[in-house]
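So the structure is just underneath, and the comments pick up after that.
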Amino acid sequence: MKFWFITGSQSLYGEETLRQVEEDSKVIVAGLKLPFPVEYKMTAKTPAEIESIIKEANYDDECAGIITFCHTFSPSKMWINGFARLQKPWLHLHTQFKDYIPNEEIDMDYMNLHQSAHGDREHGFIGARMRTPRRVVAGHWMDERVQAKIADWQRAAVGVAFSRSLKIVRFGDNMREVAVTEGDKVETQIKLGWQVNTWAVGDLVEEMNKVTEAEIDALMQEYAQVYDFDEKDTEEIRYQAREEIAMEKILVREGAMAFSNTFQDLHGMRQLPGLATQHLMSKGYGYGGEGDWKTAGMTAIIKAMYPDGATSFMEDYTYDYQQELILGSHMLEVCPTVAATKPRIEVHHLGIGGKEPPARLVFEGLAGKAIAVSLIDMGGRMRLIAQDVECVKPFQSMPNLPVARVMWKPAPDFLTGMECWILAGGAHHTTLSYDINTDVLRDFARIMGIEFVSINAATDIYALEKELMLGDVIWR
Ligand code: MN
């Protein structure tokens, strides 16, 4: 994916000034050190040029968004027809070529050449007037803080492009009676672009029966390279390999990057997929347990934003009120990208689902700052909730809990953090990511036109309560 840089100007200034504007713009673009490339496209001077470049951006599948900047003054009525057609994320970079005012050099000609304080305000007005969702970043283009903000927005825009083409395979339906994992799939497709469809577990079993011993041998070699395990467990592990190969074949066939399943719908399968799901997540697939396709989708999107990052499907389980920590895990399915130790494949009885003991990866999670993300359906609208958490090294060995586990403390503090999450309606399932930050998620929600709720160090619970009530008015 790449981003297009469009400089705004007009014909008033003459050839020489416009040439300088173009040269300076190219220097700015070359100086941006960002996760995704930026390409200087043009210095736009007329309504026709603007409309044309925005139509091109809309059609170009590789263009993830546009960045605009007005080196000189660019009258904004010229931009209306273009912005009215804009379908890509937009960042308004409010910068200036030089970061100082040269005392001797400055005269009216210099002012006319370096007037983004003037031109970008006109540009900002039309964004506000048209209610066009955009990220505004102010500051000198060489400033690391400015570049970090643009980088965040780029991650969000890449997530948006991924989201708009995301397909999710549901193996079976949701866990019976569970509310938060339900959702309006039509509304979600309209807002986020996700194509969420169901495949029968029987179709998966049929695919599993076709998997060859040679295919399983190859995947077992891959497991041996990244995980530890005992030879005695080989048969159970090979069964997980069979499940993984069959699931991935269906995902590849359907062009899907996320999936869900449920322990209540495993007809014809001997084990709940554990290792199989965990290893698929490590390859970039999103997953949600108990039919939770919303968490599967968000996990896939965050993994696409940070392909080498640490992001997993997660579930809030048990509290330690003395240590003020939440223990997070799942029956089996935690992604090994969040592992602090080399994961070990183990086979243990699972008291739920009534199937054979499944092979799963066991490990301790990373310590460090992370964010827990939950997408919920409020009825007619989606709410994206993000909570800052501080993950710590688990302080107990928990020898009788052979699953992957992570411990963390939520912001603003342990008790208030839990109260805020419950008030906002956040699910027990989350996407836990060590890479993403609040701004990226806020950008993502803004571009998608969905409600965003952040619970962070500065959150005041009564202000949050009011924000949620206001949200009911704004987003109804
Ligand atoms: Mn669950």
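Could you say whether any residue in the stretch 194-207 is of a type in the set (S, T, N, Q) and exposed (fewer than 15 other Cβ atoms within 10 Å of the Cβ)? So that I can check it myself, show each step before the final result.
Let us first name the residues in the stretch 194-207 that are of a type in the set (S, T, N, Q), namely 195, 197-198.
Okay, now just the ones that are also exposed (fewer than 15 other Cβ atoms within 10 Å of the Cβ), so 197.
Yes, that holds for at least one residue.
Would you mind telling me which numbered condition in (1) away from the ligand (no atom under 16 Å from the Cβ); (2) of a type outside the set (Ser, Thr, Tyr); (3) on the phi < 0 side of the Ramachandran plot Gly449 fails?
(3)
Would it be correct to say that Ala57 is within 25 Å of Arg442 (Cβ to Cβ) and out of contact with any helix residue (DSSP H, G or I) (no Cβ under 9 Å at 6 or more places or on another chain)?
Numbers: within 25 Å of Arg442 (Cβ to Cβ): yes; out of contact with any helix residue (DSSP H, G or I) (no Cβ under 9 Å at 6 or more places or on another chain): yes.
Yes: the conditions hold for Ala57.
Condition test on Leu432, is it within 16 Å of the ligand (Cβ to nearest atom), within 17 Å of the chain's Cα centre (by Cα) and surrounded by 16 or more Cβ atoms within 10 Å (Cβ to Cβ)?
Numbers: within 16 Å of the ligand (Cβ to nearest atom): yes; within 17 Å of the chain's Cα centre (by Cα): yes; surrounded by 16 or more Cβ atoms within 10 Å (Cβ to Cβ): yes.
Yes, satisfied.
Can you give me the ranges of the helices (runs of 4 or more DSSP H) entirely in the stretch 150-256 with at least 3 residues that are within 30 Å of Ser374 (Cβ to Cβ) and free of Cβ contacts under 8 Å to residues at least 12 places away in the same chain?
So the answer is 185-192.
Of everything in the stretch 233-291, what is within 16 Å of the ligand (Cβ to nearest atom) and closer than 19 Å to Ile302 by Cβ? Give them in sequence order.
Once the filter is applied, which keeps residues that are within 16 Å of the ligand (Cβ to nearest atom) and closer than 19 Å to Ile302 by Cβ, the stretch 233-291 yields Ala258, Phe259, Ser260, Thr277, Gln278, Met281, Gly286, Tyr287, Gly288, Gly289.
For every residue, the table says whether it meets (1) free of Cβ contacts under 8 Å to residues at least 40 places away in the same chain; (2) of a type outside the set (Phe, Trp, Tyr); (3) surrounded by fewer than 21 Cβ atoms within 10 Å (Cβ to Cβ); (4) more than 16 Å from the ligand (Cβ to nearest atom).
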| site | (1), (2), (3), (4) |
| --- | --- |
| Gly297 | no, yes, no, no |
| Val338 | no, yes, no, yes |
| Lys342 | no, yes, yes, yes |
| Leu350 | no, yes, yes, no |
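Test Asp377 against the stated conditions and say whether it is more than 16 Å from the ligand (Cβ to nearest atom) and under 16 Å from the mean Cα position of the chain (by Cα).
No.
Please indicate, with yes or no, whether at least one residue in the stretch 387-396 is farther than 22 Å from Leu280 by Cα, modelled with pLDDT under 95 and polar (S, T, N, Q).
Yes; the residues of the stretch 387-396 include at least one that is farther than 22 Å from Leu280 by Cα, modelled with pLDDT under 95 and polar (S, T, N, Q).
Which of the residues that make up the stretch 339-367 are part of a strand (DSSP E or B) and among the acidic types (Asp, Glu)?
Glu346, Glu364
Filter the stretch 317-336 for residues that are surrounded by fewer than 24 Cβ atoms within 10 Å (Cβ to Cβ) and among the aliphatic types (A, V, I, L, M); which is farthest from the ligand (Cβ to nearest atom)?
Here the answer is Leu325.
What about Met314, is it farther than 19 Å from Arg176 by Cα, within 19 Å of the chain's Cα centre (by Cα) and either within 12 Å of the ligand (Cβ to nearest atom) or outside the structural domain of Phe171 (by TED's automatic domain parsing) (or both)?
yes
Out of Ala57, Ala64, report the one residue that is within 30 Å of Met305 (Cα to Cα), in contact with a Lys or Arg (Cβ under 6 Å, 6 or more places away or on another chain) and either part of a helix (DSSP H, G or I) or at pLDDT 95 or above (or both). Write out each step before concluding.
Working: Ala64 fails: in contact with a Lys or Arg (Cβ under 6 Å, 6 or more places away or on another chain).
The unique qualifying residue is Ala57.
Only residues in the stretch 301-330 that are closer than 15 Å to Met398 by Cα count as the first member; pair them with residues that are outside any strand (DSSP E or B) and of a type in the set (Gly, Ala, Ser), Cβ under 7 angstrom, at least 6 apart or cross-chain, and list the lot.
Ser329/Ala404; His330/Gly289
Assess whether Thr262 counts as being in contact (Cβ under 8 Å) with a residue 60 or more places away in the chain, under 24 Å from Gly172 (Cα atoms) and part of a helix (DSSP H, G or I).
Criteria not met by Thr262.
What is the residue count in the stretch 96-111 for residues that are exposed (fewer than 10 other Cβ atoms within 10 Å of the Cβ) and not in a loop (DSSP other than H, G, I, E, B)?
Of the residues in the stretch 96-111, 1 are exposed (fewer than 10 other Cβ atoms within 10 Å of the Cβ) and not in a loop (DSSP other than H, G, I, E, B).
Take Ile53 and tell me if it is surrounded by fewer than 21 Cβ atoms within 10 Å (Cβ to Cβ) and in contact (Cβ under 8 Å) with a residue 40 or more places away in the chain.
So Ile53 passes the test.
Return only the number of the condition from (1) on the phi < 0 side of the Ramachandran plot; (2) surrounded by 13 or more Cβ atoms within 10 Å (Cβ to Cβ); (3) away from the ligand (no atom under 16 Å from the Cβ) that Val180 does not satisfy.
Among (1) on the phi < 0 side of the Ramachandran plot; (2) surrounded by 13 or more Cβ atoms within 10 Å (Cβ to Cβ); (3) away from the ligand (no atom under 16 Å from the Cβ), Val180 violates only (3).
The values are calculated or read from the model by the stated rules, or taken from the named source; none is laboratory data. Just so it is clear, the model here is predicted, and its values are computed rather than measured. Virtual Cβ from ideal backbone geometry, glycine too; neighbours counted across all protein chains shown.
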